[in-house]
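Heads up: the structure comes next, in C-alpha cells.
The values are calculated or read from the model by the stated rules, or taken from the named source; none is laboratory data. Remember, it's a predicted structure, so these values are computed and weren't measured experimentally. Cβ: placed from backbone, ideal geometry, glycine included. Neighbour counts: every protein chain shown.
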Amino acid sequence: MTRLMMRKMKDNQTGTISAIKAGGELGRRIRDMGLIPGRSIKVQGRAPLYDPVALRIMGSTLTMRNNEADYIEVETE
Amino acid sequence: MVPTIALAGNPNSGKTTLFNELTGSRQHVGNYPGVTVEKKEGTLVNNGYRMSVVDLPGTYSLTAYSLEEVVARDFLVNEKPEVVIDIVDASNLERNLYLAIQFLEMGLPVCIALNMVDVAQKRGIEIDAEKLSAFLGVPVIPTVARTGLGKKDLIATARRMAEEDRKQSLFEISYGDDLDRALAKMTPEIEIHHFLTETYPARWVALKYLENDKQILSKGHQKNSAFSEKLETIGKKVSTHLKATVNSYPEAMIADHRYGYINSIIKQGMVHRQHDQNRLYTSDKIDKIVTHRFLGPILMIAVLLGLYHFTFTYGEIPVGWFARFFGWVGDTASFYLPDGHLKSLVVAGVVDGAGGVLGFVPLIMFMFFGISILEDSGYLARVAFMLDRVFSLFGLHGSSVMAFIVSGGIAGGCAVPGVMATRTLRSPRERLATLLTVPFMNCGAKLPVFALLIAAFFSENEAIFMLLITIVAWGGALLVAKLLRLTVIKGEPTPFVMELPPYRFPTFKGLLIHTWERTWQYIKKAGTVILGVSIILWAMMTYPGLPESKRSEFAKQREAIMAAPPPSTARPDKLPGKEAGLSELAAIDGAEAEANLKNSIAGRMGIALESLTRWAGFDWRTNIALVGGFAAKEVIVSTLGTAYSLVEADAANSGSLSQTLANSPKWRPLVALSLMIFIVFYTPCFVTVVCISREAGSWKWGVFSMVLNTLLALILAALIFQIGLALGY
C-alpha cells in the first residue's frame, strides 16, 4: 500500500482515492464528477503530450489536467 | 395555459436526442435572458394535447459555479415547469443519479427517463426500473431516445403529472450527524421566517448555506441580512468543527454522502452488473488508437483536413449558385431601373448586401454539419483532450481548437461560424479569449486579397507565402490570447475535469436540426445588421459624388470619343471605331469611378488616414479598400479595383488588378507584405463583430475587438514597413 498523487500514477495502474485536497470551484467539480475518497480508479492513458490524463471511473472515462490531478491522493496496491 | 416540460440531465445523456424526438421540427433556439446560454424550446403535440418543452443546459450538478448550472436551476425555480423530465444515462448511472437526487431535494415534480437502456444491457447492466421508482418516489421510465422506445410511455406519464399537478413529497437524505444536526436546526427557522421559501424548499436553502453557495447567499442577504448572517454563523461553526474532527469541508461531506446514498441504492439489488465496472468497451478500444501518441495526432490532422475539404469543396458549389443568382438579380435590377442613385442603392447596396449575408449561408451549413458529426459522435472531446496541453499554455482550452480551425486555422474558413463554434466551450474566460482571437485566422474572404498580392509580388514562392501567413495568424492569435488572459480576462483556468463520452453514431435527424437551427440563427441575427451596414458603407463610398463641373468634363470626353473618326489601323471589315472606342470609353468610366470614390466620404477618410497609414506604406487607395473590407474582407479586392480605375474587378477577375499593382510605382514587395500583415490582424468584418458582441453578451467586446485588432495591425505593419525600409527593401 502506497499513497501517491495521481500525477505520479503510471498508465493502466489502479488505485483507490484517499483524499481530495482541493476546495473551491476545482474541488467542487472534481467531487461532482464522482471523484471522492473510497472510489477506485484506473489510469487509462495520457494525451499525446502527456497531459491531460484519462481515468476510468464508475464505468466511464474522465479527463483532467496533471496540475488538477495533483490535488488527488491515491492509494495503490 | 399550456403546461411546460423541462428536460434536464447530464451532458451526453441523450437529452438533445430526446428533445428532438419529442418536438420534431417544432422548436426554436434563443438565449436565456441576459446570458449567452442557448435556450431551446419546442412544442409537443400528443392526441391534441399540447405541451411546451424546454431543453435545459446539460449539467452534472446544480452549484453556483457554472453559468449553465445557475441557468438550469433558476429556470426550474422561477418558471416552475409542471414536469421535469430528468434524463438519466442507464450506462452511467451513478454520475447521472447525482444530479437526479439534487432535483428531488429541490422538491421538483421529477420524472426519470432511464435512457440508453440498450447500451446498458449490452454492457451487462440490468436496472430494475420499478424498484428504483418505488425507492425514489418518482416515475422511472426506461427509454432509448434514438429509437423512440419508451417515448409513448414517457409522454403519457408527463401528461398525467401535468394534469394531476400533485405536490412532490420532500426528499431527504442524510449528510452525517454533524450536518444533519445543523440542517435540523436551520430548516424550521427558515420556515418560520419565510426566508426564500416562496422559491426554494427550506431544507434546500439550509443545505446551500452549508455549501456556501454564492448565489443563494447573496439572495438571502438581500432578503434579510440579519437572518442570513445567523445562518452563515451556523454554517461556519459546522465547518470549523468538521475541519477539526475529520479534516473535511461541508461541501465535500455533502458530495460524499450523495454518492454514498447512490451506492446504497445500487447495492440494494436495483442494479445488476455482470462485469467489472471498469472493463474496457469497444469505445475504449477505439480510443486506444484515436488518442494514441503517434496515430492520434495524425488521425486528427486527417479528420480536420477532411472537415475542411468537405466544407470548402462542396460548400463552394451552392455559394456559386447564390453568387450567380444575386448577379442575375443585380443585372435585372440595373436593366429595369433608370440610371441614378436609386439604381446604385438597389444594385450596390441592397442586392450586394443581401448577397454578402446569404453568400455565407452554404458555408455555415456545411461547416456546422461537419462539426455536428464530430460533436455528436464524441470525437470533438478527444480533440480537446489531445490539444489541451498546447492551448492551456496560452490560457485557452482544448476545445478552442474547433473555433480556430473553422475561422480559418487552415486557411479558408470563416470567422462567423468560428465565433459561433465557441459555443462548444463551457469555460467562460477561455471562451471569451477564444472569441476575441479567432478573427485573426485567415478566413476565405481574406484569401483572395492574399492571392492577389502574392500573385503580384511573390509569384515564385506562392505556397511558402500562404503557409507563412497561416503561421503568422496562428502565432499572433495564441500570443494575443495569452496577453488577454494575463490582462483583461485574468483569472484561474477553468478546470478541465470532463467526461470523454463513449463514441456514438450521430442521428441524421439530430444533425439536420442542429445544422439548420444554427444556420437560421445566423441569417436572422447577422442578416438584418449587415444588410443595414452594407447600405451605410455603400453610401460612404458613393456620396457626396462628383461636383457637376467634373461630371460634365467626363461626359465631354466621352462625346469626343464617340465623334472621333475611326483610327486608320481599323480593319475595314469591322464596324469602324467601335472596338477601340469601347475600350477608351471604359477607361473614362473607370477614371470617373475612381474620381468619384476619391471624393466620397470613404475616400476622404482614406486620404485623411494617409498621415497615419503612411508609416505602414499605405496610400489613400489602400485605405479606402481597407475601410470597404470592414463590410466583408473580399470587398478589399473590388474596392482596390475601383480605386485603380478598373471597372470590372472582383475576386474572380483579379488578374488585371494584380498586373496593375505589379506595375504601379507606388507598390513593391515590402508594401504588399506590410499590407498582408495588416489584413491578417485588423478589425474583423462587421458580421463577425456583430456575432462577437452577441456571443460575448455585450457590444463592449465587439468594439474592443475592432479597436484592439486595428491598433495591433497598424503597429505590426508599420514595424515591418519601417524595418524593411531601413534594410533597403
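Annotation note: Cβ proximity below 9 Å between a residue of the range B:138-149 that is closer than 20 Å to B:Thr507 by Cβ and a residue that is part of a strand (DSSP E or B) and polar (S, T, N, Q) (sequence gap 6+ or interchain) occurs for B:Pro142/B:Asn115; B:Thr143/B:Asn115; B:Val144/B:Asn115; B:Ala145/B:Asn115.
Screening the candidates B:Thr245, B:Thr187 for the property of being among the hydroxyl-bearing types (Ser, Thr, Tyr), more than 23 Å from A:Glu25 (Cα to Cα) and surrounded by 15 or more Cβ atoms within 10 Å (Cβ to Cβ) yields one hit, B:Thr187. Taking B:Lys40, is it outside any helix (DSSP H, G or I) and either among the hydrophobic types (A, V, I, L, M, F, W, C) or assigned by TED's automatic domain parsing to the domain that holds B:Leu18 (or both)? Answer is yes for this residue.
Restricting B:Val140, B:Val119 to residues that are surrounded by fewer than 21 Cβ atoms within 10 Å (Cβ to Cβ), in the same structural domain as B:Leu62 (by TED's automatic domain parsing) and farther than 22 Å from B:Asp74 by Cα narrows the list to B:Val119. Residue pairs whose Cβ atoms lie under 8 Å apart, sitting 6 or more positions apart in sequence or on different chains, and linking a residue in the range B:382-396 that is at positive phi and more than 10 Å from chain A (Cβ to nearest Cβ) to a partner that is surrounded by fewer than 20 Cβ atoms within 10 Å (Cβ to Cβ) and not in a helix (DSSP H, G or I), are B:Gly395/B:Ile489; B:Gly395/B:Pro493. Hey, can you tell me all the residues within the range A:40-58 that are out of contact with any Asp or Glu (no Cβ under 8 Å at 6 or more places or on another chain), more than 7 Å from chain B (Cβ to nearest Cβ) and either farther than 19 Å from B:Asn92 by Cβ or surrounded by fewer than 17 Cβ atoms within 10 Å (Cβ to Cβ) (or both)? Once the filter is applied, which keeps residues that are out of contact with any Asp or Glu (no Cβ under 8 Å at 6 or more places or on another chain), more than 7 Å from chain B (Cβ to nearest Cβ) and either farther than 19 Å from B:Asn92 by Cβ or surrounded by fewer than 17 Cβ atoms within 10 Å (Cβ to Cβ) (or both), the range A:40-58 yields A:Ser40, A:Tyr50, A:Val53. The C-beta contact set for the range B:491-502 (first residue more than 7 Å from chain A (Cβ to nearest Cβ) and over 15 Å from B:Arg389 (Cβ atoms), second residue assigned to a loop (DSSP other than H, G, I, E, B) and of a type in the set (Ser, Thr, Tyr), distance under 6 angstrom, 6+ apart or interchain) comprises B:Thr494/B:Ser427.
Within the range B:6-34, the set of residues being of a type in the set (Val, Ile, Thr) and closer than 20 Å to B:Val119 by Cβ comprises B:Thr16, B:Thr17.
If we scan the range B:458-470, do we find a residue that is within 19 Å of the chain's Cα centre (by Cα), in a helix (DSSP H, G or I) and hydrophobic (A, V, I, L, M, F, W, C)? Within the range B:458-470, none of the residues are within 19 Å of the chain's Cα centre (by Cα), in a helix (DSSP H, G or I) and hydrophobic (A, V, I, L, M, F, W, C). Within the range B:137-162, the set of residues being out of contact with any strand residue (DSSP E or B) (no Cβ under 7 Å at 6 or more places or on another chain) and over 30 Å from B:Tyr281 (Cα atoms) comprises B:Gly137, B:Lys152, B:Ala156, B:Arg160.
Close contacts from the range B:258-278, counting a first residue that is farther than 14 Å from B:Ile173 by Cβ and at the interface with chain A (Cβ under 9 Å from one of its Cβ atoms) and a second that is outside any loop (DSSP other than H, G, I, E, B) and among the charged types (D, E, K, R), with Cβ to Cβ under 7 Å and a gap of 6+ residues or different chains, come to B:Asn278/A:Lys42; B:Asn278/A:Arg56.
The residue of the range B:436-456 that is nearest to B:Thr660 (Cα to Cα), among those that are touching a residue at least 60 places away in the same chain (Cβ under 8 Å) and either surrounded by fewer than 20 Cβ atoms within 10 Å (Cβ to Cβ) or of a type in the set (Ser, Thr, Tyr) (or both), is B:Ala455.
Scanning the range B:118-140 for residues that are under 36 Å from the mean Cα position of the chain (by Cα) and either under 17 Å from B:Arg166 (Cα atoms) or at pLDDT 95 or above (or both) yields a total of 1. Can you find even one residue in the range B:284-294 that is within 37 Å of the chain's Cα centre (by Cα) and away from chain A (no Cβ under 14 Å)? Within the range B:284-294, not a single residue is within 37 Å of the chain's Cα centre (by Cα) and away from chain A (no Cβ under 14 Å). Taken over the range A:28-57, the residue count meeting the criterion of being basic (Lys, Arg), under 26 Å from B:Tyr65 (Cβ atoms) and part of a strand (DSSP E or B) is 1. Please give the helices (runs of 4 or more DSSP H) falling wholly within the range B:355-443 in which 1 or more residues are of a type outside the set (Asp, Glu) and touching a strand residue (DSSP E or B) at 6+ places or on another chain (Cβ under 8 Å). By residue number, B:361-377, B:379-393, B:415-421.
Here is a check on your reading of the model: is B:Phe310 more than 14 Å from every other protein chain (Cβ to nearest Cβ), of a type outside the set (A, V, I, L, M) and over 32 Å from the mean Cα position of the chain (by Cα)? When the stated conditions are applied, B:Phe310 does not pass them.
For the range B:96-125, what are the residues that are more than 18 Å from B:Tyr175 (Cα to Cα) and within 14 Å of another protein chain (Cβ to nearest Cβ)? Within the range B:96-125, B:Asn96, B:Met116, B:Val119, B:Ala120, B:Gln121, B:Lys122, B:Arg123, B:Gly124, B:Ile125 meet the criteria.
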